[in-house]
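S.K.: Before we start, here is the structure in question, set down as structure tokens.
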Amino acid sequence: MDLIIRGGRVIDPGHFDGDADLYIKEGKIAALNPGGGTSDDEKGVPVIDARGQIVVPGLIDLHVHLREPGEEYKETIASGCRAAAAGGFAAVCAMPNTHPPNDCAQVTEFILERAQSAGASRVYPAAAVSPGLAGEGLTPFYELAAAGAVAFTDDGLPVANSLLMRRALEYARGVGRPVIAHCEDPLLSAGGTMNEGVTATRLGLRGIPNAAESTMAQRDIALAGLTGGKLHIAHVSTREAVEAIRIAKLQGLPVTAEAAPHHFILDDGAVSDYDPNTKMYPPLRTASDRDAIRQGLADGTLDAIASDHAPHSSIEKQLEFDLAANGIIGLETTLALALKLVHDGVLTLPRLVELMASNPARIIGVPCGLQTGMAADITIIDPDAAFTVSVDDFRSKSRNTPFEGWALKGRAVATIVAGQVIFALEE
Ligand SMILES: [Zn+2]
């Protein structure tokens, strides 16, 4: 399908930033015409008027739980991909902690087939580090990588065994893929339901110290140094982990990291009324941790913004705080919450595009950009469109968000994959 996107501010980090027309032919970028004026030869080709809007490479969410196979009542690959498209994501990286988990090539292939038939966002599957996420032994890394796994992780759980983590990084290096680390010392976090601190004490809830994350981040950074394997640290929540990653990067170690919107927007004060939608792992931390994550996103210490979209039904979530499942959905709010950092002067728009498109692509080794000949994966964003978050509007099957009713500014007006418009905002 051919398409002209006319008059937007095109931001392709490292390559182009300015007003331009984009001409898409047969699913690929055919031309980028600065200053506009795409010629009359293209008469009859549909035109999207993007004046006043931002045109960027298709956003990629590195951390999404799609729940299929096994928990289709929470989310399916199709519903998750529609939610992703509505949130501006042309692609998502799917975590392997499904039932069964993605620990063999058949599951990887199943996910890719389902994603293909959904006809929405692309799915890049991450495979498990250990069979059954049991933390004992390794999955067949070569076979999984050949089937399409872009990364390896036991996310949801840490790889508690240090020797297994070492071997995972060695094999991941061999197949040229990163290990995504869910950094949690399970002995330090055991029994905890929220951040350890004055709020937990006041609420009578058992706390999880920052060190439950930062000690594991330090261990994994040391193992990345030992092995040369690429380490990607998921959902960074503490100032200590940000600092450890900053030092690792200064030392030239192969370490990247992501942060989730709830960790740079909220702090543990949000838990005050025991709302289960403020319960996730890692937990909401203090305002000083939140500010350290904002700083890390701005200065390059943190490489990506990822939703950690974790759908749950009310059966698991609408319970007393201690018993409620961890996690919140995020595909349809992440872009607006990230844009809040732009509106607040923490990030520039080009930096936001690095964090949500080019860096995620680099981390998992997939293409991303608006240069001639590349697949036309594009997100068109109206950074100033005001809206109120309403779960009734969500494509996701789940409703577990702490941002219901929030007034936000900025959203995707169109998401395009290989030249096909997979989402268009209805006015
Ligand atoms: Zn995790």
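S.K.: What are the residues in region 81-101 that are within 16 Å of the ligand (Cβ to nearest atom) and not in a loop (DSSP other than H, G, I, E, B), if any?
M.R.: At the first step, the residues of region 81-101 found to be within 16 Å of the ligand (Cβ to nearest atom) are 92-98, 101.
Within region 81-101, Val92, Cys93, Ala94 qualify.
S.K.: Read through the list (1) crowded, with 21+ Cβ neighbours inside 10 Å; (2) within 14 Å of the ligand (Cβ to nearest atom); (3) part of a loop (DSSP other than H, G, I, E, B); (4) not β-branched (Val, Ile, Thr), then give the number of the only condition that Asn326 fails.
M.R.: (1)
S.K.: Which pairs do you get when a residue that is outside any loop (DSSP other than H, G, I, E, B), found in region 54-69, comes within reach of a residue that is within 14 Å of the ligand (Cβ to nearest atom) and hydroxyl-bearing (Ser, Thr, Tyr), reach meaning Cβ atoms under 7 angstrom, with the pair 6+ apart or on two chains?
M.R.: Asp61/Ser307; His63/Ser307; Val64/Ser307
S.K.: Scan region 208-236 residue by residue and report those that are acidic (Asp, Glu) and farther than 28 Å from Met356 by Cβ.
M.R.: Keep residues of region 208-236 that are acidic (Asp, Glu), which gives 213, 220.
Result: no residue meets the conditions.
S.K.: Of all residues in region 144-179 being open to solvent by less than 10 Å² (accessible area, probe 1.4 Å) and of a type in the set (Asp, Glu), which is farthest from the ligand (Cβ to nearest atom)?
M.R.: Filtering first and then ranking leaves Asp154.
S.K.: How many residues are out of contact with any Pro (no Cβ under 6 Å at 6 or more places or on another chain) and within 14 Å of Pro34 (Cβ to Cβ) if we restrict to region 1-11? Don't jump to the end; show me each part of the working.
M.R.: Applying the first criterion (out of contact with any Pro (no Cβ under 6 Å at 6 or more places or on another chain)) to region 1-11 yields 1-2, 4-10.
Okay, now just the ones that are also within 14 Å of Pro34 (Cβ to Cβ), so 5-10.
Count: 6.
S.K.: Considering only region 70-106, state which residues are touching a helix residue (DSSP H, G or I) at 6+ places or on another chain (Cβ under 7 Å), of a type in the set (Gly, Ala, Ser) and without any contact (Cβ under 8 Å) to a residue 60 or more places away in the chain.
M.R.: Answer for region 70-106, where residues must be touching a helix residue (DSSP H, G or I) at 6+ places or on another chain (Cβ under 7 Å), of a type in the set (Gly, Ala, Ser) and without any contact (Cβ under 8 Å) to a residue 60 or more places away in the chain: Ala78, Ala94, Ala105.
S.K.: Scanning region 236-271 for residues that are of a type in the set (A, V, I, L, M) and in a loop (DSSP other than H, G, I, E, B), which turns out surrounded by the most Cβ atoms within 10 Å (Cβ to Cβ)? Give the steps one after another, and end with the answer.
M.R.: Here is the first cut: in region 236-271, the residues of a type in the set (A, V, I, L, M) are 236, 241-242, 244-245, 247-248, 250, 253, 255, 257, 259-260, 265-266, 270-271.
Filter again for in a loop (DSSP other than H, G, I, E, B), leaving 236, 253, 260, 266.
Details: Val236: 29, Leu253: 17, Ala260: 26, Leu266: 20.
Out of the qualifying residues, it is Val236.
S.K.: For region 277-298, which positions are among the basic types (Lys, Arg) and within 16 Å of the ligand (Cβ to nearest atom)? Before the answer, list the steps.
M.R.: From region 277-298, those among the basic types (Lys, Arg) are 279, 285, 290, 294; that's our starting set.
Within region 277-298, Lys279, Arg285 meet the criteria.
S.K.: Among the listed residues Ala20, Ala78, which satisfies the condition of being more than 16 Å from the ligand (Cβ to nearest atom), out of contact with any Phe, Trp or Tyr (no Cβ under 8 Å at 6 or more places or on another chain), within 15 Å of Ile380 (Cβ to Cβ) and at pLDDT 95 or above?
M.R.: Details: Ala78 fails: within 15 Å of Ile380 (Cβ to Cβ).
Step by step, each of Ala20, Ala78 is checked, and only Ala20 is more than 16 Å from the ligand (Cβ to nearest atom), out of contact with any Phe, Trp or Tyr (no Cβ under 8 Å at 6 or more places or on another chain), within 15 Å of Ile380 (Cβ to Cβ) and at pLDDT 95 or above.
S.K.: A further question on this structure: Test Tyr274 against the criterion of being part of a loop (DSSP other than H, G, I, E, B), among the hydroxyl-bearing types (Ser, Thr, Tyr), open to solvent by 10 Å² or more (accessible area, probe 1.4 Å) and more than 15 Å from the ligand (Cβ to nearest atom), and give yes or no. I'd like the intermediate steps shown before the answer.
M.R.: Working: part of a loop (DSSP other than H, G, I, E, B): yes; among the hydroxyl-bearing types (Ser, Thr, Tyr): yes; open to solvent by 10 Å² or more (accessible area, probe 1.4 Å): yes; more than 15 Å from the ligand (Cβ to nearest atom): yes.
Considered against the rule, which asks whether it is part of a loop (DSSP other than H, G, I, E, B), among the hydroxyl-bearing types (Ser, Thr, Tyr), open to solvent by 10 Å² or more (accessible area, probe 1.4 Å) and more than 15 Å from the ligand (Cβ to nearest atom), Tyr274 comes out as yes.
S.K.: Here's another thing I want to ask about it. Does Gly229 meet the test of being touching a Lys or Arg at 6+ places or on another chain (Cβ under 6 Å) and more than 25 Å from Ile247 (Cα to Cα)? If you could, list the steps in order and put the result at the bottom.
M.R.: Numbers: touching a Lys or Arg at 6+ places or on another chain (Cβ under 6 Å): yes; more than 25 Å from Ile247 (Cα to Cα): no.
Answer is no for this residue.
S.K.: Now, a different point. Ala217 passes all but one of (1) more than 30 Å from Leu323 (Cα to Cα); (2) of a type in the set (A, V, I, L, M); (3) surrounded by 21 or more Cβ atoms within 10 Å (Cβ to Cβ); which number fails?
M.R.: Exception for Ala217: condition (1).
S.K.: Which one of these is open to solvent by 10 Å² or more (accessible area, probe 1.4 Å) and in contact (Cβ under 8 Å) with a residue 24 or more places away in the chain: Ile48, Ile11?
M.R.: Values: Ile11 fails: open to solvent by 10 Å² or more (accessible area, probe 1.4 Å).
Every option except Ile48 fails the conditions.
S.K.: Mind listing whichever residues of region 149-174 are among the hydroxyl-bearing types (Ser, Thr, Tyr) and assigned to a loop (DSSP other than H, G, I, E, B)? If you could, list the steps in order and put the result at the bottom.
M.R.: Start the filter on region 149-174 by keeping residues that are among the hydroxyl-bearing types (Ser, Thr, Tyr), which leaves 153, 162, 171.
Thr153, the sole residue that qualifies.
S.K.: Here is a further query. Tell me, please, whether a residue that is among the basic types (Lys, Arg), open to solvent by 10 Å² or more (accessible area, probe 1.4 Å), at pLDDT 95 or above and touching an Asp or Glu at 6+ places or on another chain (Cβ under 7 Å) can be found in region 290-310. If you could, list the steps in order and put the result at the bottom.
M.R.: To start, the set of residues in region 290-310 that are among the basic types (Lys, Arg) comprises 290, 294.
If we keep only those that are open to solvent by 10 Å² or more (accessible area, probe 1.4 Å) as well, we get 290, 294.
Subset that is at pLDDT 95 or above: 290, 294.
Next, from what is left, pick out any that are touching an Asp or Glu at 6+ places or on another chain (Cβ under 7 Å): 290.
Yes, region 290-310 has at least one match.
S.K.: Residues of region 180-209 being open to solvent by 10 Å² or more (accessible area, probe 1.4 Å) and touching a Gly at 6+ places or on another chain (Cβ under 9 Å), which ones?
M.R.: Within region 180-209, His182, Gly192, Thr193, Glu196, Gly197, Thr199, Thr201, Leu205, Arg206, Gly207, Pro209 meet the criteria.
S.K.: Go through region 180-235 and tell me which helices (runs of 4 or more DSSP H), entirely inside it, have 3 or more residues that are modelled with pLDDT of 95 or more and away from the ligand (no atom under 16 Å from the Cβ). Step through it out loud before you land on a result.
M.R.: Working: elements: 186-189, 198-203, 211-227.
Answer list for region 180-235: 198-203, 211-227.
S.K.: Within 19 Å of the chain's Cα centre (by Cα), away from the ligand (no atom under 16 Å from the Cβ) and among the hydroxyl-bearing types (Ser, Thr, Tyr): is that true of Thr301 in this structure?
M.R.: Against the criterion (within 19 Å of the chain's Cα centre (by Cα), away from the ligand (no atom under 16 Å from the Cβ) and among the hydroxyl-bearing types (Ser, Thr, Tyr)), Thr301 qualifies.
S.K.: Moving to a separate point now. Is it true that some residue in region 366-385 is crowded, with 16+ Cβ neighbours inside 10 Å, among the acidic types (Asp, Glu) and more than 27 Å from Gly148 (Cα to Cα)?
M.R.: Among the residues of region 366-385, at least one is crowded, with 16+ Cβ neighbours inside 10 Å, among the acidic types (Asp, Glu) and more than 27 Å from Gly148 (Cα to Cα), which makes the answer yes.
S.K.: Which numbered condition in (1) touching a Gly at 6+ places or on another chain (Cβ under 8 Å); (2) at negative phi is the only one that Gly365 fails?
M.R.: Gly365 satisfies every listed condition except (2).
S.K.: Let me ask something else. Go through (1) open to solvent by less than 30 Å² (accessible area, probe 1.4 Å); (2) among the β-branched types (Val, Ile, Thr); (3) more than 16 Å from the ligand (Cβ to nearest atom) and name the single condition Thr348 misses.
M.R.: (1)
The values are calculated or read from the model by the stated rules, or taken from the named source; none is laboratory data. Everything numeric here is computed off the predicted structure, so don't read it as measured data. Note: ideal-geometry Cβ built from the backbone for every residue, glycine included; neighbour counts use all protein chains shown. Calculation scope for accessible area: heavy atoms of the full protein, side chains included, ligands and nucleic acids excluded. Shrake-Rupley method; radii C 1.70, N 1.55, O 1.52, S 1.80 Å.
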